[in-house]
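Chemist: I have a structure I would like to understand better, so I am pasting it below and will then ask my questions one at a time.
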Amino acid sequence: MKKYVLFIFVFLLSIPASAQYKPWTSSKQPLKEIKALKKQIKKPEFRKVDYLITDFGAVGDGKTKNTEAFKKAIEKCSAEGGGRVVVPNGIFLTGAIYLESNVNLHLSDGSTILFSQDSNDYPIVFTRWEGMECMNYSSLIYAYEEENIAVTGKGTLDGNSDNDNWWFWCGATKYGYNTSRPGRQNPARAKLHEYMAERKPARERIFGDGYYLRPNFVQPYKSKNFYMADVLVKNSPMWNLNPVLCENVLIERVKVISHGPNNDGFDPEACKNVWIKDSYFDTGDDCIAIKSGRDEDGRDIGRPAENHIIENCEMKDGHGGVVIGSEIAGGARNIYAIGNVMDSKNLDRALRIKTSSSRGGTIENVFFYNTKVGAYKEAAVRFNMHYEKPGNHIPTIRNIWVENLQVEKGGKYAVLSDAYESSPVTDFTMINAKMTGVQIPYKVDFLKNVTLKNVTVNGQPLTELKP
């Protein structure tokens, strides 16, 4: 009997995920899932003890470098059981900040942490760069395998980046690059791609000085219980908020204003149980881009982006409002965007899912609900399976639900899709959508099981999506 039960158990485990796939049939289902998920995501609690950085020698004159004062305050706070490391009124220049467990880095109203423009102030750490693992400059605020960490308060995090510092490394003349100055990331980026394809051990992929791979701003890595609230984040070298392989992430009332190259607002990468709410994004790239690793690194690690809530956020400039991809080789599931507002002529898409056959993976269960959009450029809903180079890993996109979408001054398309015939976008539902100012209702190729109910474009019913 025991052997029989064991056989059944092993058999069930062997059933592919696709056989267990069940698309939603009503918005009540994802709304119920959201309610349950919110109960799981909790704010970390901290000991009610403050450690003022000026007690550790910090000087808020905008000129004195306070890296060592931050380090001492954080280490003492963590060693004594945790609490708040408090930044008072003033401008505090520093290099990289490492957050230790049970520490809440708290920025008082009127305070600014101004990050150094000297790359020597950022030690080489284990990190991800565009979804690829490597050794590179520490992010401006970094943590590795820590628990209960936070950045809070009504102060400012200033990455201090501009066309003369960090940004020109991207190699674009619009961001200050020219052949007369050193610094261009392209050769190192290509080398990192080679290392990944060869599956060179990540800790042997060493970059840093002379390679020009810009650091991200805030990157907790393999950490649990990360909280961020109320701060203003601006002028990042690259991606702004980038938790990687983290669990239980809560971000609220954060404002991100950063218009440099690849200045995505919020990029949770291969994270589980994430909730961002009541936040504002005005960025040089995607406002929110959910990721799970690029190509071999994403597939080998195999951690999907899972259980994300994006609620009551405002998106202004940015390539996309809510984006999934492109570094999404680990897949994504259970992504809920509810009650968000978007409006900018520079916003290309409201909902965008971008991947490729060099990525692979499955993107499923995406719920886009109660969204108000003013203007956008390209499409309200955009599916793209041909982003960047092709490969041998055909991706899957399925169970995408859009309901209560209002668009006032639409762009070129309402719906735009570019998929594989062998892997059509499957189970796409759009209900109660009213879009005006759209040039062309849709342009699609391979879609399967499409449901449209009470959808209008420029006052005309949209009843089908056909190639």
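The values are calculated or read from the model by the stated rules, or taken from the named source; none is laboratory data. Here the structure is a predicted model, which means the values were calculated and not measured. Cβ coordinates were reconstructed from backbone atoms using ideal geometry, including for glycine residues, and neighbour counts include every protein chain displayed. With ligands, DNA and RNA removed, areas are computed over all heavy atoms of the protein, side chains included. Shrake-Rupley method; radii C 1.70, N 1.55, O 1.52, S 1.80 Å.
Chemist: For the subset of region 178-195 comprising residues that are open to solvent by less than 40 Å² (accessible area, probe 1.4 Å) and in a loop (DSSP other than H, G, I, E, B), which member is nearest to residue 238 (Cα to Cα)?
Modeler: 185
Chemist: Just the residues that are assigned to a loop (DSSP other than H, G, I, E, B) and either open to solvent by 10 Å² or more (accessible area, probe 1.4 Å) or within 18 Å of residue 224 (Cα to Cα) (or both), please, taken from region 139-157.
Modeler: Those that are assigned to a loop (DSSP other than H, G, I, E, B) and either open to solvent by 10 Å² or more (accessible area, probe 1.4 Å) or within 18 Å of residue 224 (Cα to Cα) (or both): 139, 145, 146, 154.
Chemist: Answer yes or no: is there a residue in region 397-405 that is among the β-branched types (Val, Ile, Thr) and in a loop (DSSP other than H, G, I, E, B).
Modeler: So far as region 397-405 goes, no, none of its residues is among the β-branched types (Val, Ile, Thr) and in a loop (DSSP other than H, G, I, E, B).
Chemist: Can you work out which of the residues in region 353-381 that are charged (D, E, K, R) and without any contact (Cβ under 8 Å) to a residue 40 or more places away in the chain is nearest to residue 420 (Cα to Cα)?
Modeler: Out of the qualifying residues, it is 354.
Chemist: Moving to a separate point now. With the requirement that a residue be in contact with a Ser or Thr (Cβ under 7 Å, 6 or more places away or on another chain) and either open to solvent by 10 Å² or more (accessible area, probe 1.4 Å) or not hydroxyl-bearing (Ser, Thr, Tyr) (or both), what does region 270-312 give you?
Modeler: 270, 284, 295, 298, 303, 304, 305
Chemist: Then there's this: What are the residues in region 97-119 that are under 24 Å from residue 165 (Cβ atoms) and free of Cβ contacts under 8 Å to residues at least 60 places away in the same chain, if any?
Modeler: 97, 98, 105, 111, 112, 113, 114, 115, 116, 117, 118
Chemist: Say we look at region 61-79 and pick out the residues that are out of contact with any Ser or Thr (no Cβ under 7 Å at 6 or more places or on another chain) and open to solvent by less than 60 Å² (accessible area, probe 1.4 Å); which of these is farthest from residue 95 (Cα to Cα)?
Modeler: Here the residue is 77.
Residue-wise test of (1) assigned to a loop (DSSP other than H, G, I, E, B); (2) in contact with an Asp or Glu (Cβ under 8 Å, 6 or more places away or on another chain).
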residue	(1), (2)
197	no, yes
209	yes, no
213	yes, no
250	no, no
256	no, yes
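Chemist: If I filter region 120-130 down to residues being in contact (Cβ under 8 Å) with a residue 60 or more places away in the chain and either in contact with an Asp or Glu (Cβ under 6 Å, 6 or more places away or on another chain) or in a loop (DSSP other than H, G, I, E, B) (or both), which single residue comes out as surrounded by the most Cβ atoms within 10 Å (Cβ to Cβ)?
Modeler: 122
Chemist: Residues that are more than 22 Å from residue 245 (Cα to Cα): which strands (runs of 3 or more DSSP E) entirely in region 278-344 hold 1 or more of them?
Modeler: Filter on region 278-344 gives 280-283, 318-324, 332-338.
Chemist: Quick check on region 209-220. Is at least one of its residues surrounded by fewer than 18 Cβ atoms within 10 Å (Cβ to Cβ) and out of contact with any Leu (no Cβ under 8 Å at 6 or more places or on another chain)?
Modeler: Yes, there is a match, as at least one residue in region 209-220 is surrounded by fewer than 18 Cβ atoms within 10 Å (Cβ to Cβ) and out of contact with any Leu (no Cβ under 8 Å at 6 or more places or on another chain).
Chemist: I've got another one for you. Do you know which residues across region 349-380 are β-branched (Val, Ile, Thr), part of a strand (DSSP E or B) and farther than 16 Å from residue 314 by Cβ?
Modeler: 353, 362, 363, 366, listed by residue number.
Chemist: Taking the options 266, 226, name whichever one is buried (at least 24 other Cβ atoms within 10 Å of the Cβ) and free of Cβ contacts under 8 Å to residues at least 40 places away in the same chain.
Modeler: Every option except 266 fails the conditions.
Chemist: To continue, here is another question. Please pick out the residue among 389, 443, 434, 409 that is under 25 Å from residue 343 (Cβ atoms), open to solvent by 50 Å² or more (accessible area, probe 1.4 Å) and modelled with pLDDT under 95.
Modeler: None of the other options fit; the residue is 409.
Chemist: Here is a check on your reading of the model: is residue 423 open to solvent by less than 30 Å² (accessible area, probe 1.4 Å) and more than 17 Å from residue 320 (Cα to Cα)?
Modeler: In short, yes.
Chemist: Hey, another quick one. Output the residues belonging to region 33-51 that are more than 24 Å from the chain's Cα centre (by Cα) and open to solvent by 100 Å² or more (accessible area, probe 1.4 Å).
Modeler: Across region 33-51, the qualifying residues are 45, 48.
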